[in-house]
Amino acid sequence: MSHVLSVTQLRKNYGDTVAVDGVSFQVGRNEIVGLLGPNGAGKTTTINMILGVLEPTAGDIRIEGLDAATHRARAMERTNFAAVYAPLPGNLTVFQNLRIFGLLYGVPNLAERIETLIAHFDLEPFRRVKCGLLSSGEQTRVGLAKALLNRPVLLLLDEPTASLDPATARDVRRKIRSFAADGSGGVLWTSHNMYEVEEVCDRVLFLSHGKILLEGDPKTLPRDHGKKTLEDLFVAVAREPLTLGAA
Amino acid sequence: MNGAVQRTAAIALRQYYLMRGSFSRVLPIFAWVAIDMVLWGYMTRYLNAITAAGFDFVPALLGAVLLWDFFIRVMQGVTMAFFEDVWSRNFLNLFTTPLTITEYVGGLVFTSIATSVVGLAAMLSLASTVFGLSMLSYGTMTLPFLLVLFLFGIALGVAGVALVLRFGPAAEWFIWPIPAMISPFAGVFYPISTLPGWMQTVAQGLPLAAVFENLRAMVAGKEPSMPALLWSGCLAGLYVLAAVWSFRHVYRHAVRTGVIARYSAETAS
């Protein structure tokens, strides 16, 4: 499997505080990798470094083989992201936001691509509505439409289904799975919903105190570590990281 | 379309969309400059009425105010476009695209050109129709004035947004008084020779003084000093380069510390 993302010995220090401590992992094509861990484990810091908005203290990030530090613009052309804490500007309409970000990502046949995504995410009734007036679920769908504008080879999703009702969340999961299965991209997904992670992710990485503690198939990993469910394993990672790390 | 041009245009297009749908954003482009033209227009008429014949205050004062307002419009054209991204917490979305800092600043400058040209047109039409000020009668001699003011306005605008990027959204309030703080040194209403020595030294370091000194010379029927204007143009160009360097430096600092990703928090620590 060729890697769309390759992270090697990634580290971020804030003074004496180590936020990410020598993390290495890969995301393959058509693969959905879950980045899990308690609050403050270093998930968002890792994502921000991959996205180029936070400079690593050390380490190497390659997106489709391109060094993100030295070929940032070309690497970002192949990447996109959606996060609940980064909504699109609320003072522009859905169409205007998609057009502007389509131009920024250099999307070919932009008008056609926007129409496809508006239809795909059921956004037709909101095309001329300012994003700030949409419900959180509708805003999430617009954010995902923006995230797929450039057909990214690497899609980063930071808690994409947080604040969504179960029906909308299920629909979003289906769309992301279809993105990974049908195209040539890979997905790095963070979530605190372990049932969702088990359903969606091909592989998970448990992060604690900036280090990857566990890695494996979310369906078999709990049993391998003597836990019944992924949620039990998550709680154990959050409370007893040293015990699990030793195991 | 070339990728860099397309991304620069996208930044300007965002501002166009915002203005197209917002009366409160369009009005200030005209309103403040119109108020200044009316205020100073009647002031100059009054001065013309009470002083001895022979000196026309309209071009000397109203013309100077018009150029000064153009300079402020240029500066605010950059800062307001930047503030739109601050207020809508858009940095994370913008700077995770292939957009470069040069393209982003280019988009802000392009927006400033558009808004300041509209403001200039409004001022020229009001000043000429109501108060008989015809800057066009000076022909192409006004172009160097506008160019110097434009360059220095861009420089101060970019330096201002670098300051806000460095110190967080609350630093917005450092930006608004900048024109008022430098106006005593600019010689908008009086010759620089009126100032005490230390203020004259400061004024020599700003490109603005040469513009207003030469405007007064031109109104008095003298030839403007082209070497002085050329020097102030070069000085303004240097300020632009320094401002862009500062913005890039502050941006790199923001990426290193994580401020870009958590801008609304003002600090990552």
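The values are calculated or read from the model by the stated rules, or taken from the named source; none is laboratory data. Remember, predicted model here, so these are calculated numbers, not experimental data. Positions of Cβ are generated from backbone atoms using ideal geometry, with glycine treated the same way; all protein chains shown enter the neighbour counts.
When the residues of segment A:94-114 are narrowed to those that are facing another protein chain (nearest Cβ under 8 Å) and not charged (D, E, K, R), which ends up surrounded by the fewest Cβ atoms within 10 Å (Cβ to Cβ)?
My answer is A:Gly106.
Go through A:Arg62, A:Arg141 for me and flag whichever is part of a strand (DSSP E or B), more than 10 Å from chain B (Cβ to nearest Cβ) and buried (at least 18 other Cβ atoms within 10 Å of the Cβ).
None of the other options fit; the residue is A:Arg62.
Testing A:Gln26 on (1) more than 12 Å from chain B (Cβ to nearest Cβ); (2) in a loop (DSSP other than H, G, I, E, B); (3) without any contact (Cβ under 8 Å) to a residue 24 or more places away in the chain, one condition comes back false. Which one is that?
Looking at each condition in turn, A:Gln26 falls short on (2).
Quick check on B:Thr8: is it away from chain A (no Cβ under 14 Å), part of a helix (DSSP H, G or I) and among the hydroxyl-bearing types (Ser, Thr, Tyr)?
no
Residues of segment A:65-87 being acidic (Asp, Glu) and either in contact with a Lys or Arg (Cβ under 7 Å, 6 or more places away or on another chain) or at the interface with chain B (Cβ under 9 Å from one of its Cβ atoms) (or both), which ones?
Correct list: A:Glu77 only.
For every residue, the table says whether it meets (1) in a loop (DSSP other than H, G, I, E, B); (2) closer than 19 Å to B:Leu151 by Cα; (3) at pLDDT 95 or above; (4) of a type in the set (Ser, Thr, Tyr).
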{"position": "B:Ala209", "(1), (2), (3), (4)": "no, yes, no, no"}
{"position": "B:Glu213", "(1), (2), (3), (4)": "no, yes, no, no"}
{"position": "B:Ala217", "(1), (2), (3), (4)": "no, no, no, no"}
{"position": "B:Glu223", "(1), (2), (3), (4)": "yes, no, no, no"}
{"position": "B:Leu229", "(1), (2), (3), (4)": "no, yes, no, no"}
{"position": "B:Gly233", "(1), (2), (3), (4)": "no, yes, yes, no"}
{"position": "B:Leu238", "(1), (2), (3), (4)": "no, yes, yes, no"}
{"position": "B:Ala243", "(1), (2), (3), (4)": "no, yes, yes, no"}
{"position": "B:Ser246", "(1), (2), (3), (4)": "no, yes, yes, yes"}
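Looking at segment B:57-65, can you tell me whether even one residue there is part of a helix (DSSP H, G or I), within 14 Å of chain A (Cβ to nearest Cβ) and either modelled with pLDDT under 90 or over 23 Å from the mean Cα position of the chain (by Cα) (or both)?
The answer is no; no qualifying residue exists.
Is it the case, given these coordinates, that B:Leu108 is under 30 Å from A:Leu149 (Cβ atoms), out of contact with any strand residue (DSSP E or B) (no Cβ under 6 Å at 6 or more places or on another chain) and either within 14 Å of another protein chain (Cβ to nearest Cβ) or at pLDDT below 90 (or both)?
Numbers: under 30 Å from A:Leu149 (Cβ atoms): yes; out of contact with any strand residue (DSSP E or B) (no Cβ under 6 Å at 6 or more places or on another chain): yes; either within 14 Å of another protein chain (Cβ to nearest Cβ) or at pLDDT below 90 (or both): no.
No; evaluated as a whole, the condition is false for this residue.
Sort through B:Pro191, B:Pro196, B:Pro169 and tell me the only one that's touching a residue at least 12 places away in the same chain (Cβ under 8 Å) and farther than 19 Å from B:Met80 by Cβ.
On inspection, the qualifying residue turns out to be B:Pro191.
Quick check on my filter: what residues within segment B:174-220 are touching an Asp or Glu at 6+ places or on another chain (Cβ under 8 Å) and exposed (fewer than 15 other Cβ atoms within 10 Å of the Cβ)?
B:Pro191
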